Protein chains: 4
Amino acid sequence: MINVGIIGAGRIGKVHGESIMRYVKNATVKAIADPFMSEETKQWANDLGINEIYTDYHKILEDDDIKAVLICSSTDTHSTISLEAIAAGKNVFCEKPIDHDVNKILEVKKALENSNVKYQVGFNRRFDHNFKGARAAVEAGKIGDLNILKICSRDPAAPPVSYIKVSGGIFLDMTIHDFDMVRFMSGAEVTEVFAYGAVLVDPAIGEAGDIDTAVISMKLSNGAIAVIDNCRRASYGYDQRVEAFGSLGQVAISNDTDSSAVISDKDGVHAEKPLLFFLERYMGAYVAEVTEFIDSIENDKPVSVDIECGLQPVLIGLAAKKSLETGCPVKVADIAAEYGI
Amino acid sequence: MINVGIIGAGRIGKVHGESIMRYVKNATVKAIADPFMSEETKQWANDLGINEIYTDYHKILEDDDIKAVLICSSTDTHSTISLEAIAAGKNVFCEKPIDHDVNKILEVKKALENSNVKYQVGFNRRFDHNFKGARAAVEAGKIGDLNILKICSRDPAAPPVSYIKVSGGIFLDMTIHDFDMVRFMSGAEVTEVFAYGAVLVDPAIGEAGDIDTAVISMKLSNGAIAVIDNCRRASYGYDQRVEAFGSLGQVAISNDTDSSAVISDKDGVHAEKPLLFFLERYMGAYVAEVTEFIDSIENDKPVSVDIECGLQPVLIGLAAKKSLETGCPVKVADIAAEYGI
Amino acid sequence: MINVGIIGAGRIGKVHGESIMRYVKNATVKAIADPFMSEETKQWANDLGINEIYTDYHKILEDDDIKAVLICSSTDTHSTISLEAIAAGKNVFCEKPIDHDVNKILEVKKALENSNVKYQVGFNRRFDHNFKGARAAVEAGKIGDLNILKICSRDPAAPPVSYIKVSGGIFLDMTIHDFDMVRFMSGAEVTEVFAYGAVLVDPAIGEAGDIDTAVISMKLSNGAIAVIDNCRRASYGYDQRVEAFGSLGQVAISNDTDSSAVISDKDGVHAEKPLLFFLERYMGAYVAEVTEFIDSIENDKPVSVDIECGLQPVLIGLAAKKSLETGCPVKVADIAAEYGI
Amino acid sequence: MINVGIIGAGRIGKVHGESIMRYVKNATVKAIADPFMSEETKQWANDLGINEIYTDYHKILEDDDIKAVLICSSTDTHSTISLEAIAAGKNVFCEKPIDHDVNKILEVKKALENSNVKYQVGFNRRFDHNFKGARAAVEAGKIGDLNILKICSRDPAAPPVSYIKVSGGIFLDMTIHDFDMVRFMSGAEVTEVFAYGAVLVDPAIGEAGDIDTAVISMKLSNGAIAVIDNCRRASYGYDQRVEAFGSLGQVAISNDTDSSAVISDKDGVHAEKPLLFFLERYMGAYVAEVTEFIDSIENDKPVSVDIECGLQPVLIGLAAKKSLETGCPVKVADIAAEYGI
């Protein structure tokens, strides 16, 4: 039984807390820390059987019985806490992105080189049953050599503009998941990016210096071409699909629904819309990613979503950002070079 | 080029007229006959290039240049005209049913034994692309041995009660197509029938002595069980499906739609409803059945929908009728025995 | 927090044990009893935090801290334990069927009349997301008045013949779920049953006096007609669907799959087959039914799957059995009358 | 009855010949011309009832009884024959593209300004039932304001390299249909284009100076972003889909299949692959476009696919070509400016 500490008791911290206490057989949450620990959150922790509740996460890092920490705090603290946790010899599961600043990610990477803790990045979508099913088909050679990879990723509704302002922009906040999916689905690296963006959902997003709609095309190291389309608002729910096309065929996934009920009436044939909320759609994925993290610790196996998986999407996202600003395609290697990589 | 005469210029006569003149390469309609030949119908015939227009169908039977006739008149005249046409040495395509009276069908059958004309019955559904696709899968052994056969057949709207009264009842008018489908899909004979019926669409149909909703289960000669469900009204259009289940799997078909457009919005995911009208759904089938008829004449090949295919569904329909009246299952052989078969 | 005791630690007992310990917030399993308590099962219980492990279930009935019991033992013990549990003032969740013998069910029913414990029967399918979605559409009036109800229920593979012999026959063992679904979906009672059966999967099943394939048609108290088709073997997995057709339209459900991945290649377009095993398909339903049971105790609400829901499907099953034996339709009221109901 | 002359008796000329003779009620093909008129083609024409067969198309232009011509000759002759036909006062239906050279299209445009003949360009896909269904949804406001438009267009197999060499390149030969679809679906103009291309199907295509795989993103005049993905080879057939996403929802279409038969077996659930060949997929569209052309002549209505619809996709195609060459986005207005537009 591996003792885990959770740093950050916001929405995603709670998701992990519940999933570990309920579904992850060989782990338990020994402690949780958050600077703003409400009564409600304390009650939630108690109900789950999490007994140690702190406002200072260092208490967790100092606890020798805790073997692993989940960093679920705000993005700007991810890299600092990662460094401290690595120094304390903890295995780390860090929510994405590690940081918007590549240098800080590189610091974490460097710290890991001199350590032997596990470090997994929270790209949950890799553990979703549908995306896994599609990846399995690609890996099994069902579509032959990849030619075109299409990822559709649309949120049900835009976050508040206050969030947009500190989000790092759509490419680092939202598309970062899709950049990870491009790498996951293709098994290749993104070499060049071209982005078109527009403000079509909410002018306030534009005023905040961001866009809400984008089409990003990419060249991959295996010769294939990838394209992502993003929008901050899909009236019909959370729309997350992938289509991988290759020399032998194509694999595509569709969204999950609450039920398969289809109603035929005088107006047409009506199915349910996709699950509206990412927690509904990806609950199974959250459990699976932490289960794998715990397994990698217990059986000393490499994590599948490693520090490189945390770094590359940020580089691609910065390339996309620069492409949007300059109106020209941008090589990912040029971005990397800026950081001496 | 085979000269054809069409007897009966109602809806189905016109369907065949148009399909022969437009799509059947080796045939032309030389003449058409109907006791009530309106100006509009004459114009229609002229436009298509059908030059000989009669009120007396005997003119067609007397024309030595006409090799084949299509009997599209009212049901009560089918058997008489069939007998005359056979006597005149014409190849015959007869709309279903040949007659509601088994004895009259047997007369036609007997006449055919002493003749060498082709005689095809108008069970168009066998030529529909979807039903053909399903049958092909069964025939190719894709589902192994047939275990359960399910046929769903629902009309968009009930016909007028005046029609119901002379229709011979739902089993001989509507289900007869489905009985034919049971034989077509299974390659077996129906041995026993049990029918449940109800009046759920229109009380006037009940007052006319008929039902509008039915579930008919059947034992087949190959050991499988079949079930048909019928309704005179489906708010969402013409619903015609089949599901054949066997030792190795299942084949199922769905309805055709006008387009494949699917709209996702805040209320759900909406596809088009099935084509509403049988002429839309089965136009291709009407062309295909006549094409095959002409081909069987030209190349002296047996027709696939022969007099037996005209007889059996009527026997099954009568068994279903008796089952509904008696509340007990009825053997088709017992019905046949009443007619000395 | 309601303390629960589980009687029977076989497959379904374990399912409930895990689901309560993990997902049912206001309940905990205080004790579990089974005459054959293996080391493996003890370990399983310990791992889950179930501390009291007995071979004699009376220990559970005698424990005043236990407010509710789940009867998961073999079918022939359900009614006896039910009576004892009711006498002990326990709320009871009893796996289906309560008994194959109607008299024993009636004894339980009578005992309940003089008691105020909750008694819920384990028809899990009512809690499945798809069946619930279909029922919700019917209840909301989306299909208008029900005309035809079709239930398809096929197991992936036949159980061993040794099981078949003590199963009570296909109608009481397998179709009983579908009879419950007819009542659930229609909100009506079955008044008459006609069954066709065949041995098409395994001759040994026939030799054991049972059938493996069936089509059962039914008249319902609301005038609608229902039909169930069953087979003990579906090569493509666990096939559980419903189609409810009414005056305004139809609602239909399809099976769940592991992922939505669809592969297009030179041979066609391939989706995954349905989940193979009932535990996979219905895990969510098992959690939901016990959650509702606990909720009914805590908030003194009537259970939705009550003793009548346990009784009726057995009566219908016996009617189906008699129909198969006599070759005639059988009224459910006639079966009931045999038991003085 | 409008007399039509067909210039060019190749594959597409024959398609139009057959569709006019069979399905277009108010038109007949009076003459057909082709410099290489084989015996087989003559026979084909005779069988259809096309009596005048020429090697010199001027005979058609000189015939005062012929009101309309269909230009189905090789692309490099389209503009010259268009000019001659307009000068001869014929209404013109010209296969796409009018020319690869914008100046020649502009000559035709200019000729039309001083004439009152109808001039329709052969973008058949606008008349396809699926694309029409999608456009109808957009036009009806079902998706609100367009945000993202995605067009997938893949051929079943690459044409011979000899064809590739004279094709004008993938953007003018294949994508040109998709550029037209962008305009049709969006009701807007393309303002800027960025293209990624690759040679992934056949190195010989690369050696011929062309690409076989492409992703082209576009800015539209209404603010939306569009993206096309192309490949010369899709192992599963002719893949032609569109997905239009807007403020209120999305409309998407799927491919047509030969039948709707779906087989479930131990390996999965298998549907048919898309129709393999463009003539199968678009036969209905070919009939519909010529029917509309004839209707526009008869009732003096503007054609929906006019000279501008012939011009714009060529400009967009040239922009895509330049983008591929330069690696930068290209404004369509800059291409137009090169031609003084």
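The values are calculated or read from the model by the stated rules, or taken from the named source; none is laboratory data. Not measured: the values here are computed from a predicted model. For neighbour counting, all protein chains shown are included, and Cβ atoms are generated from backbone atoms with ideal geometry for every residue, glycine included.
Pick from D:260, D:247, D:296, D:304: which is outside the structural domain of residue D:155 (by TED's automatic domain parsing) and in contact with an Asp or Glu (Cβ under 8 Å, 6 or more places away or on another chain)?
Details: D:260 fails: outside the structural domain of residue D:155 (by TED's automatic domain parsing); D:247 fails: outside the structural domain of residue D:155 (by TED's automatic domain parsing); D:296 fails: in contact with an Asp or Glu (Cβ under 8 Å, 6 or more places away or on another chain).
None of the others qualify; the one that does is D:304.
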### Query
Are any of the residues in the range B:125-143 within 15 Å of the chain's Cα centre (by Cα) and of a type in the set (Val, Ile, Thr)?
no
### Query
For the range A:144-179, what are the residues that are in contact with a strand residue (DSSP E or B) (Cβ under 7 Å, 6 or more places away or on another chain) and in a loop (DSSP other than H, G, I, E, B)?
A:144, A:145, A:174
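Closer than 21 Å to residue A:141 by Cα and of a type in the set (A, V, I, L, M, F, W, C): does that describe residue A:218? Full working, then the answer.
On the way: closer than 21 Å to residue A:141 by Cα: no; of a type in the set (A, V, I, L, M, F, W, C): yes.
No: the conditions fail for residue A:218.
Which of the strands (runs of 3 or more DSSP E) contained wholly in the range C:180-283 include at least 2 residues that are within 14 Å of chain A (Cβ to nearest Cβ)?
By residue number, C:239-246, C:249-252, C:262-265, C:268-271.
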### Task
Answer with yes or no whether residue B:301 is in contact with a helix residue (DSSP H, G or I) (Cβ under 7 Å, 6 or more places away or on another chain) and free of Cβ contacts under 8 Å to residues at least 12 places away in the same chain.
yes
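Determine, yes or no, whether residue C:245 is hydrophobic (A, V, I, L, M, F, W, C) and under 21 Å from residue A:133 (Cα atoms). Show your work before the answer.
Details: hydrophobic (A, V, I, L, M, F, W, C): yes; under 21 Å from residue A:133 (Cα atoms): no.
In short, no.
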### Query
Can we say residue C:162 is of a type in the set (S, T, N, Q), away from chain A (no Cβ under 14 Å), touching a residue at least 12 places away in the same chain (Cβ under 8 Å) and surrounded by fewer than 22 Cβ atoms within 10 Å (Cβ to Cβ)?
no
### Task
For the range B:253-272, indicate whether the set of residues that are acidic (Asp, Glu) and in contact (Cβ under 8 Å) with a residue 40 or more places away in the chain is non-empty.
yes
#### Entry: Residue list for the range B:306-341, restricted to those being among the hydrophobic types (A, V, I, L, M, F, W, C), surrounded by 23 or more Cβ atoms within 10 Å (Cβ to Cβ) and within 16 Å of the chain's Cα centre (by Cα)
B:307, B:314, B:315, B:316
### Message
Tell me whether the range B:237-249 contains one or more residues that are buried (at least 19 other Cβ atoms within 10 Å of the Cβ) and on the phi > 0 side of the Ramachandran plot.
### Response
yes
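Can you go through B:127, B:123, B:131 and tell me which one is under 30 Å from residue B:61 (Cα atoms) and within 14 Å of chain D (Cβ to nearest Cβ)? Spell out how you get there, then give the answer.
Numbers: B:123 fails: within 14 Å of chain D (Cβ to nearest Cβ); B:131 fails: under 30 Å from residue B:61 (Cα atoms).
The match here is B:127.
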#### Entry: Residue check, residue B:123 more than 17 Å from residue B:256 (Cβ to Cβ), buried (at least 18 other Cβ atoms within 10 Å of the Cβ) and at pLDDT 95 or above
yes
### Summary
Listed by first then second residue, the pairs whose first member lies in the range A:313-334 and is in the same structural domain as residue A:172 (by TED's automatic domain parsing), whose partner is among the basic types (Lys, Arg) and part of a helix (DSSP H, G or I), with beta carbons under 7 Å and at least 6 positions apart or on separate chains, are A:330/A:322
### Query
Taking the range B:135-159 as the region of interest, how many residues are away from chain C (no Cβ under 11 Å), hydrophobic (A, V, I, L, M, F, W, C), farther than 30 Å from residue B:201 by Cα and surrounded by 19 or more Cβ atoms within 10 Å (Cβ to Cβ)?
2
### Task
Would you point out which residue out of D:87, D:33 is surrounded by 15 or more Cβ atoms within 10 Å (Cβ to Cβ) and either modelled with pLDDT of 95 or more or of a type in the set (Asp, Glu) (or both)?
D:33
### Task
Give me a count of the residues in the range C:216-268 that are under 21 Å from residue B:146 (Cβ atoms) and out of contact with any helix residue (DSSP H, G or I) (no Cβ under 8 Å at 6 or more places or on another chain).
12
